[in-house]
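Before any comments, here is the structure.
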């Protein structure tokens, strides 16, 4: 019997295995074999990948759905993900009450709409969230993101209650009780930000550099150190999200050097690898933590190259342009980004800085799967893994426009940029869901990714 799919003549890029020419055989949605070129294998569908690279599908560990267009974004933003070579995403559930109703509601919204596989992180901010953690783990949610910046009413716009360091410490204790659970941290000392922000507003500042000055690198770095310290006391593994520059990166390096083997993971974002506070984009570039300096951009690329940074997450939020224009203190933070992860990493990383394709696959796929409990089923091209693949044309140049990525958002931080290196086909569990820039997969093909953690003792 012929196989389901045969990807013939490409160069496989497989973290842990290397780069080599191979034919990829897919059966029942999984990788059945990696064969020598011209093996003579047959399949119901044969794809000619000559001159192209076959990589694990991108997994975006940091995506927000529904902040602009509600549950309909499960269709538009996962379609956009598929267009960019992304085969799985992690969305944040955010509420101040029990997550059990919101979990069910979101599953019911996502299941018929999602073009790619998806999982959840939960944001703990109330006593009930820590009390119900066993039930969340039973539902397959094993990662939890705590916002150190949400104190007082700072998180009220997202319906999140303010907490304190006592809650933070208890949160780490709860996560540490489970093998396979992970404590993610948004690191910013908001109490210092409040003082700096007040001074800048009183001085009449209303510009993108002022946003950076109100939330400077040291408030991020200090919070990295503080949360690393608490995590160590409890034994919880810690994942520091969207690291934005050299100073917090140095704190992570120093901690790992001081405590070899510490379970400390670091994520950065494409916008922090490309844009700066001095770019002429105004409030369009508002994000937390802010865009930094050109030297911070290069420090982050160095952190990817030397292994300090483990993953790339987009922090995608599909805002409309009108919500991003106006006074820097009042406009919405965030912008779309999941679909541009891979083109940015290929153009800015591989072509401009000599980053290897294997390293791109590690930070965009394999490491994400390992850290979040999906490896080797996801993020891998090993035999038996889900056939989640992206075919890359490393020489293809395209100009970024909003139409390219089919998001609810009507702009990108890269509009007008010519990027070199693009995904030309996305395959999810053996089914082609994007071909030559056109999303051909059906909504509802994406599946929920339940993960496992076990209670200690």
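Numbers for the structure displayed
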| read-out | value |
| --- | --- |
| Conditions (1) closer than 21 Å to residue 439 by Cα; (2) modelled with pLDDT under 95; number of the one not met by residue 40 | (1) |
| Residues that are buried (at least 24 other Cβ atoms within 10 Å of the Cβ) and in contact with a helix residue (DSSP H, G or I) (Cβ under 6 Å, 6 or more places away or on another chain), drawn from segment 311-336 | 311, 312, 314, 316, 318 |
| Residues of segment 90-110 classified as closer than 17 Å to residue 442 by Cβ and touching a residue at least 60 places away in the same chain (Cβ under 8 Å), total | 1 |
| First in segment 62-88 and on the phi > 0 side of the Ramachandran plot, second anywhere and buried (at least 21 other Cβ atoms within 10 Å of the Cβ), Cβ under 6 Å, 6 or more apart | 66/73; 85/58; 85/342; 85/390; 85/423; 85/426 |
| Selection within segment 77-102 - outside any strand (DSSP E or B) and within 20 Å of the chain's Cα centre (by Cα) | 77, 78, 79, 80, 81, 82, 83, 84, 85, 94 |
| Residue selected from segment 51-76 under the condition in contact with a helix residue (DSSP H, G or I) (Cβ under 7 Å, 6 or more places away or on another chain) and in a helix (DSSP H, G or I), by the criterion surrounded by the fewest Cβ atoms within 10 Å (Cβ to Cβ) | 71 |
| Residues that are in a helix (DSSP H, G or I), free of Cβ contacts under 8 Å to residues at least 60 places away in the same chain and closer than 18 Å to residue 131 by Cα, drawn from segment 172-204 | 174 |
| In segment 141-171, residue farthest from the chain's Cα centre (by Cα) [restricted to those that are in a helix (DSSP H, G or I) and within 20 Å of residue 457 (Cα to Cα)] | 170 |
| Residue among 342, 284 that is in a helix (DSSP H, G or I) and more than 25 Å from residue 201 (Cα to Cα) | 342 |
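The values are calculated or read from the model by the stated rules, or taken from the named source; none is laboratory data. Treat the numbers as computed from the prediction; the structure is a model and nothing was measured. Every residue, glycine among them, receives a Cβ derived from its backbone with ideal geometry; neighbour counts consider all protein chains shown.
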